[in-house]
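Below: the structure, in structure tokens.
The values are calculated or read from the model by the stated rules, or taken from the named source; none is laboratory data. Remember, predicted model here, so these are calculated numbers, not experimental data. A quick note on method: Cβ atoms are made from the backbone with ideal geometry, for glycine too, and the neighbour counts reach across all protein chains shown. For accessibility, only protein heavy atoms count, side chains too; no ligands or nucleic acids. Shrake-Rupley method; radii C 1.70, N 1.55, O 1.52, S 1.80 Å.
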Amino acid sequence: MDEIRPNSGAQAHGLVPLFPPGLQAIYGECRRLYPDQANPLQVTAIVKYWLGGPDPLDYISMYRNMGCPAQDVQEHWHYVSFGLSDLYGDNRVHEFTGADGASGFGFELTFRLKREEGETAPPTWPAELMQGLARYVFQSENTFCSGDHVSWHSPLDNSESRIQHMLLTEDPQMHPIQTPFGTVSFLQIVGVCAEELQAAQQWNGQGILELMRGIRIAGGPWLITDMRRGETIFEIDPHLQERVDQGIETEGSNLSGVSAKCVWDDLSRPPDDEEDSRSICIGSQPRRLSNKDTEQIRETLRKGLEFNSKSALPPISGQKQNHDRAQSRKDSLDSESSAAIVPHELVRTRQLESVHLKFNQESGTLLPLCLRGRLLHGRHFTYKSINGDTAITFVSTGVEGAFATEEHPYAAHGPWLQILLTEEFVEQMLGDLHELGSQDEAKLPKEYSWPEKKLKISILPDSVFDNPLQ
């Protein structure tokens, strides 16, 4: 539970003998921006996380920002979190590793919300939104990077708004800081519509953010969220869709994978072969991923998110831009990891003759993105199950380090399946899967089969994954 109170200015009044240095460093950056707001309203966790409370952020400060008329930036509320970085340096929350690296998770969250006419105090719902994102980071130990996107599937303020998802970017005013416990950067949450999220998935988050900066009502230069915005950037300026389509065609997608509802079956094995079947089975746990495979998938999928109890399909976007990609279409499964992928000596690579892939509706709608935006550009794409260790990685012939080959296109390490698809087969699949853009669940299940390739794909209702025995 949180409470709202003015910042007491504890240091100034001497109420706290030793003001925590990490907290002091963030306050210092806030004071640089808001010298006349020394005691802003704060939402504070009544029971701190390190005392067993549910909310990882100790405080969220809320400032009134007057905007910048010269840049046509409107007045807004500015929210800043305290707690994803190391505030205390005494291991109560984050392990102290010195001043040279990142402090805690290395970042704090910010959010800019348009101030409505007549509003004299900032709405507090953004604080709970920030706590929700922070809970994900603490529970998963996955961090955020600029350009990442979060599939939320619900109006951010629980209204009827079209703003139901988020992109993340560097805060335009708050500079990275050096604290005694390491560096801290400030990542700003930007509210977006479903169509804008989809464009970010199909192309990349940074590209969509840049388009939004050019439209005042969609955010403008400082990317201010307006929960009353009723039009997408593509409805405001239809020409923007052409820029996105051109970007997808020339650059592909930087989304390297998603957390998903998915399973796979080895059709070349008897269905009761528990050793090798990857079907969902109550009371029979599939073999776990080896530590090495887990680390490799985690490096590729550092952003697997699942929020709320909704059928969210949150994304994991590629973190680092490899500038050599312009010269080469080749990708590798260790492109975001320093460790090369090699077969684990304790996990036998199994070559499979025939496989059956099963996805829920939302996972299935991303198959064309996987094929067109990733594989046709020489890259890879991974579905990591949210219900267990199962993972499915599609690779193109240009991907280095895969254990699936053209000779044996279906191969597995435990519950991790890799599928190598030739460019010709990808084009064929795109033609057959064109209808997957529809979100009409009433048409499920959908079955697709390529007998000559010994591959079958089923798109199934969520209930199949949520209730395995049904």
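Among residues belonging to region 165-179 that are of a type outside the set (D, E) and outside any loop (DSSP other than H, G, I, E, B), point out the one that is surrounded by the most Cβ atoms within 10 Å (Cβ to Cβ).
This residue is H165.
Applying the selection to region 134-164, what residues are open to solvent by less than 30 Å² (accessible area, probe 1.4 Å) and modelled with pLDDT of 95 or more?
The answer is A134, P155, L156, S161, I163.
Just for strands (runs of 3 or more DSSP E) wholly inside region 369-470: which have at least 3 residues that are at pLDDT 90 or above and in contact with a helix residue (DSSP H, G or I) (Cβ under 7 Å, 6 or more places away or on another chain)? Talk me through it step by step, then tell me what you get.
Working: elements: 380-385, 391-396, 410-413, 416-421, 446-450, 455-460.
Ranges flagged: 380-385, 391-396.
For I208, are the conditions met, namely being open to solvent by less than 50 Å² (accessible area, probe 1.4 Å) and under 28 Å from F381 (Cβ atoms)?
Working: open to solvent by less than 50 Å² (accessible area, probe 1.4 Å): yes; under 28 Å from F381 (Cβ atoms): yes.
Yes.
Given the criteria under 27 Å from G182 (Cβ atoms), at pLDDT below 95 and out of contact with any Asp or Glu (no Cβ under 8 Å at 6 or more places or on another chain), does D86 qualify?
Values: under 27 Å from G182 (Cβ atoms): yes; at pLDDT below 95: no; out of contact with any Asp or Glu (no Cβ under 8 Å at 6 or more places or on another chain): yes.
It is false that D86 is under 27 Å from G182 (Cβ atoms), at pLDDT below 95 and out of contact with any Asp or Glu (no Cβ under 8 Å at 6 or more places or on another chain).
On the basis of being over 22 Å from the mean Cα position of the chain (by Cα), under 18 Å from T183 (Cα atoms) and modelled with pLDDT under 95, does D100 make the cut? Show your work before the answer.
On the way: over 22 Å from the mean Cα position of the chain (by Cα): yes; under 18 Å from T183 (Cα atoms): yes; modelled with pLDDT under 95: yes.
Yes: the conditions hold for D100.
Residue under question is V355, and the condition is that it be within 23 Å of L267 (Cβ to Cβ) and aliphatic (A, V, I, L, M); does it hold? Walk me through it before giving the result.
Working: within 23 Å of L267 (Cβ to Cβ): yes; aliphatic (A, V, I, L, M): yes.
In short, yes.
Out of R269, R278, I need the residue that is open to solvent by less than 20 Å² (accessible area, probe 1.4 Å), charged (D, E, K, R), modelled with pLDDT under 85 and over 30 Å from I208 (Cβ atoms). Which one?
Numbers: R269 fails: open to solvent by less than 20 Å² (accessible area, probe 1.4 Å).
On inspection, the qualifying residue turns out to be R278.
Quick test of your reading of the structure: T183 fulfils all but one of (1) within 22 Å of L41 (Cα to Cα); (2) among the polar types (S, T, N, Q); (3) in contact with a strand residue (DSSP E or B) (Cβ under 9 Å, 6 or more places away or on another chain); (4) open to solvent by 10 Å² or more (accessible area, probe 1.4 Å). Name the failing condition by number.
If we test T183 against (1) within 22 Å of L41 (Cα to Cα); (2) among the polar types (S, T, N, Q); (3) in contact with a strand residue (DSSP E or B) (Cβ under 9 Å, 6 or more places away or on another chain); (4) open to solvent by 10 Å² or more (accessible area, probe 1.4 Å), just (1) comes out false.
Any idea which residue in region 49-65 is farthest from G132 (Cα to Cα), counting only those that are hydroxyl-bearing (S, T, Y) and modelled with pLDDT of 95 or more?
So in region 49-65, the residues hydroxyl-bearing (S, T, Y) come out as 49, 59, 61, 63.
Now narrow it down to the ones that are modelled with pLDDT of 95 or more: 59, 61, 63.
On the way: Y59: 13, S61: 16, Y63: 20 Å.
Once the filter is applied, the top-ranked residue is Y63.
Can you pull out every residue in region 226-258 that is touching a Phe, Trp or Tyr at 6+ places or on another chain (Cβ under 7 Å) and either in a strand (DSSP E or B) or open to solvent by less than 60 Å² (accessible area, probe 1.4 Å) (or both)?
If the condition is that a residue be touching a Phe, Trp or Tyr at 6+ places or on another chain (Cβ under 7 Å) and either in a strand (DSSP E or B) or open to solvent by less than 60 Å² (accessible area, probe 1.4 Å) (or both), then L240, V244, G247, I248, S253, S256, G257, V258 are the ones that fit.
T179 is checked against (1) under 22 Å from the mean Cα position of the chain (by Cα); (2) within 30 Å of L87 (Cβ to Cβ) and fails just one. What number does that condition carry?
(1)
So E195 ticks every box in (1) open to solvent by 10 Å² or more (accessible area, probe 1.4 Å); (2) part of a strand (DSSP E or B); (3) closer than 28 Å to L375 by Cβ but one. Which box is left unticked?
Going through (1) open to solvent by 10 Å² or more (accessible area, probe 1.4 Å); (2) part of a strand (DSSP E or B); (3) closer than 28 Å to L375 by Cβ one by one, E195 breaks only (2).
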